[in-house]
1. Only Cα pairs within less than 10 Å get springs; with that Gaussian network setup on the chain, which residue of T69, T107, T209 has the largest fluctuation?
2. With a point put 7 Å past each Cα toward its Cβ, work out how far S93 is from R177 in nm, to one decimal.
3. Taking Cα centroids, how far is the range 69-127 from the range 36-52 in Å?
4. Computed on alpha carbon atoms, what radius of gyration and Dmax characterise the range 153-214, expressed in Å?
5. What does the C-alpha gyration tensor say about the overall shape of the range 1-132? Classify as rounded when a/c is under 1.5, otherwise prolate if a/b is larger than b/c, or oblate.
6. Whats the longest run of the chain with zero trypsin sites (Lys or Arg not before Pro) that are DSSP loop and have at most 15 other Cβ atoms within 10 Å?
7. Taking Cα atoms, how many degrees apart are the long axis of helix 154-166 and the longest axis of the chain, rounded to 10 and kept between 0 and 90?
8. Distance between Cα centroids, the range 196-230 to the range 158-181: provide it in whole Å.
Amino acid sequence: RTLAELDARVTKCRACPRLVDWRESVAKGKRASFAGEPYWGRPVASLGDPEAWLGIIGLAPAAHGGNRTGRMFTGDRSGDWIHAALYRAGMNSQPDSKVAGDGLVMTGARTIAPVHCAPPDNKPTPDERHACAGWLRRELQLIPTLEILIALGGIAWQATLSGVRAMGWDVPRPQPRFGHGAEAVLTRADGVPVRLVGSYHPSQQNTFTGRLTTEMLDAVFARAKEIHQV
Ligand code: SF4
């Protein structure tokens, strides 16, 4: 199976009844500012370079962001932060992405979510996270070029560690703890190391309060590039 086939298949998934209901009802209700726009209202596939060396693992698409545009981490403020940082790091062709088909090209990077459907209050349940974990594992298996994973927030960090452990990767013990700038070396089943780097999630709660600044996010991407170039 190819990555493109996986991306196509995930958009048809209906395994989580609460999320199916939420993603579709948000798409029907629409926010007033997007009333004239079509909403995707389905699972959102990961976005970016199929031969990425860098995977950016977030949480889930936003109700009026990816659930509207159909593209991972676009169309909302958190997504704007991620794509602006990728642009500053030289991996995105443009600093933002407001609508599908706007010409965005991502080089070397791919935005990935451990939960592919927008959840109410941005909070998937443990069962929903568990249900979607198989998609993450299959995706990571289909991108052997990945060298570095940036986990945006503790849930992404945990989902990544659980996912790769289930794939037979070696995870250090005791389990590495999440933190902004935290790093861990994970070892694929074939012995190839993949570095995990932690970053605070660019949620409005973090960016409005200054817990995460553009400089801090840029430093995480700079560190990833440094590891890549070694
Ligand atoms: Fe399927 Fe994942 Fe969406 Fe659940 S969250 S319906 S497992 S794509």
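1. Per the Cα network of the chain with a 10 Å cutoff, T209 tops the list.
2. So the label points at S93 and R177 sit 4.4 nm apart.
3. Cα centroid of the range 69-127 versus Cα centroid of the range 36-52: 8 Å apart.
4. In order Rg, Dmax, the Cα atoms of the range 153-214 give 13.3, 42 Å.
5. On the way: a/c = 1.76, a/b = 1.25, b/c = 1.40.
Because a/c hits 1.5 or more and a/b fails to exceed b/c, the range 1-132 counts as oblate.
6. Values: sites that count: R1, K12, R14, R31, K98, R177, R211.
Result for the longest clean stretch: 99-176.
7. On a 0 to 90 degree scale, this one is about 60.
8. Each part reduced to its Cα centre gives a spacing of 19 Å.
Read-outs: derived from the displayed coordinates by stated rules, not from any lab. A quick note: this is a predicted structure, and the numbers were derived from the prediction, not measured. Positions of Cβ are backbone-derived with ideal geometry, glycine not excepted, and every protein chain shown enters the neighbour counts.
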